[in-house]
Amino acid sequence: MRGVSFCSVDSRPQRQRGFIITVELILITTVLIIGTLVGVVAIRDALVKHYAQKQSREVYVSDANGSVLGKALDFDEHDAPRIPYIDRTAPAGSDGVQRNFRALIGVRDDRFTSREPVYYPTANCTGTPCIKSSSNELSDSYDIAGDGAAGAVSYLSALQAGPNYAIGNSGTDLKGFLFRETSAACPYTPEMVGSRYVSQKVVPGLPCETVAPARGTAGTSGGGQTGASGPDITDAYTDCIVGTDITGAIIPCSCPSGYSSQGDVISAIDAEIQNSVNVGIDATRGYVKNLVALEIGTICCQDGYSLAPSNLADTVAFAILVPSIELAMGSVGGVDRKVQQTIESVDAVLFNEPTLQCVRDGGSGTTDPIAPVIDASVERTLELRLAEPVPSANDVSQNALAPFAAPFQVNLPENVASEDWVYIPPDGEG
């Protein structure tokens, strides 16, 4: 039997594999690709030109070695650019959180500046630096022209709820270092301030001014440094320093011709004098009972002079306690041993000067050629805090501004026609 073979035929149509490239598809693809490339190039060129123009308008500050300090935010009244420095080394707050604060620093060709000053206990801005609390406009707000409530206060630190920052003395050069406020109290009181570093002033030599006692009204101040010698320092007239006797009766006395009363200076520190008097009275326990301190009379300085601030409260308190002790113990001007012991006990607790001195208003009070004209005063209510140098984020052994060398300079506008955008990183930021 013959075999029969069967074959099956798939009658379903075969699907076409691939596609047909037509002229229309080639044309569309070419237009899309070329158009996209042209558009990308145009966008690139526009962005480069935009950044080149933007960079031409922006001002970057760099030092003599080419290190960029940062981009200027604005300019001060002397056209000096001001840049933000970010302090990344500030200690953690009471909540244990470490925060970075900004300090606004002005940059001139030879030095750094700040709105806030740094205070020092001695002349020529030497000794332990201190800084006032932020936004302290009620105490020391004199501007560079000496106008009250107009300058010397930076609000940036207050807005950050952080420490106050200021440029202080960096040694013998003009560059200046950055300092910040600490939580520790200043080791000396406002009346012991001998000078302050006001970096934003334009003055010959170092921007350091010697501080004189407050006169009670803004803008009227004397000058000088207690303990110096020369024509700017004279002894005060103290024959009228006692104003009443032990019964409270007023003792008539007035300043001689050519002298003026320093009652405004004394009134400004009345509370401090009373505190010193109370300390002195406590020291007399065991020697005299129920000591009644005499009232303060008048202290006089030659016309054109003002009382020097050094230990003024203690010195005045001591001067009126001595006759009180002598009157209470019945030995005025005598050499009674018990009287002398009582006076010595008071002298041991009060840091009084041997004499009250007056300094010439606007005088120098020092022969140091780098100390500029003296025209500052500091209120007794000023709250000072110990200042510490801000360390560099890269090297904590040196100040944040120590690595930068003068003269400082700014970048010049780029030629935007070249459409070259040169990126300048702020590598000097802390």
- Looking at segment 377-393, which of its residues are at pLDDT below 85 and either within 29 Å of Ala90 (Cβ to Cβ) or surrounded by fewer than 19 Cβ atoms within 10 Å (Cβ to Cβ) (or both)? Val378, Glu379, Thr381, Leu382, Glu383, Ala393
- Message: Scan segment 287-296 and tell me whether some residue there is modelled with pLDDT of 85 or more, of a type in the set (D, E, K, R) and closer than 23 Å to Gly248 by Cβ.
- Response: yes
- Filtered residues of segment 279-334 (kept if assigned to a loop (DSSP other than H, G, I, E, B), under 23 Å from Tyr237 (Cα atoms), among the polar types (S, T, N, Q) and free of Cβ contacts under 8 Å to residues at least 60 places away in the same chain): Thr298
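Suppose we filter Asp336, Asp347, Asp314 for residues that are surrounded by fewer than 21 Cβ atoms within 10 Å (Cβ to Cβ), within 24 Å of Pro190 (Cβ to Cβ) and in the same structural domain as Gly243 (by TED's automatic domain parsing); which single one remains? Show your work before the answer.
On the way: Asp336 fails: within 24 Å of Pro190 (Cβ to Cβ); Asp314 fails: surrounded by fewer than 21 Cβ atoms within 10 Å (Cβ to Cβ).
Exactly one of Asp336, Asp347, Asp314 is surrounded by fewer than 21 Cβ atoms within 10 Å (Cβ to Cβ), within 24 Å of Pro190 (Cβ to Cβ) and in the same structural domain as Gly243 (by TED's automatic domain parsing), namely Asp347.
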- Return yes when Thr234 is among the β-branched types (Val, Ile, Thr), modelled with pLDDT of 80 or more and part of a strand (DSSP E or B) and no when it is not. yes
- Query: Just wondering, is there one or more residues in segment 242-263 that are in the same structural domain as Leu356 (by TED's automatic domain parsing) and either crowded, with 22+ Cβ neighbours inside 10 Å or touching a Lys or Arg at 6+ places or on another chain (Cβ under 8 Å) (or both)?
  - Reply: yes
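May I ask you to say which residue of Gly248, Gly243, Gly297, Gly263 is at positive phi and of a type outside the set (Ser, Thr, Tyr)? Walk me through it before giving the result.
Working: Gly243 fails: at positive phi; Gly297 fails: at positive phi; Gly263 fails: at positive phi.
Matching residue, one of Gly248, Gly243, Gly297, Gly263: Gly248.
One line per residue, one yes/no per condition, for (1) among the β-branched types (Val, Ile, Thr); (2) modelled with pLDDT of 85 or more; (3) in contact with a Ser or Thr (Cβ under 7 Å, 6 or more places away or on another chain); (4) not assigned by TED's automatic domain parsing to the domain that holds Gln398:
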site: Thr89; (1), (2), (3), (4): yes, yes, no, no
site: Ile105; (1), (2), (3), (4): yes, yes, yes, no
site: Thr113; (1), (2), (3), (4): yes, yes, yes, no
site: Gly146; (1), (2), (3), (4): no, no, no, no
site: Gln160; (1), (2), (3), (4): no, yes, no, no
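Just give me the residues in segment 189-223 being farther than 15 Å from Gly168 by Cβ and either modelled with pLDDT of 80 or more or not in a loop (DSSP other than H, G, I, E, B) (or both), in sequence order.
To start, the set of residues in segment 189-223 that are farther than 15 Å from Gly168 by Cβ comprises 189-192, 202-205, 210, 212-223.
Residues satisfying the conditions are Thr189, Pro190, Glu191, Met192, Thr210, Ala212, Pro213, Ala214, Ser221.
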- Take the residues in segment 126-136 that are farther than 30 Å from Val59 by Cβ and buried (at least 16 other Cβ atoms within 10 Å of the Cβ), then tell me which one is modelled with the lowest pLDDT. Asn136
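The values are calculated or read from the model by the stated rules, or taken from the named source; none is laboratory data. Only a predicted model underlies this, so the values are computations on that prediction, with no experimental measurement involved. So basically every Cβ, Gly included, is an ideal-geometry build from the backbone, and we count neighbours across all protein chains shown.
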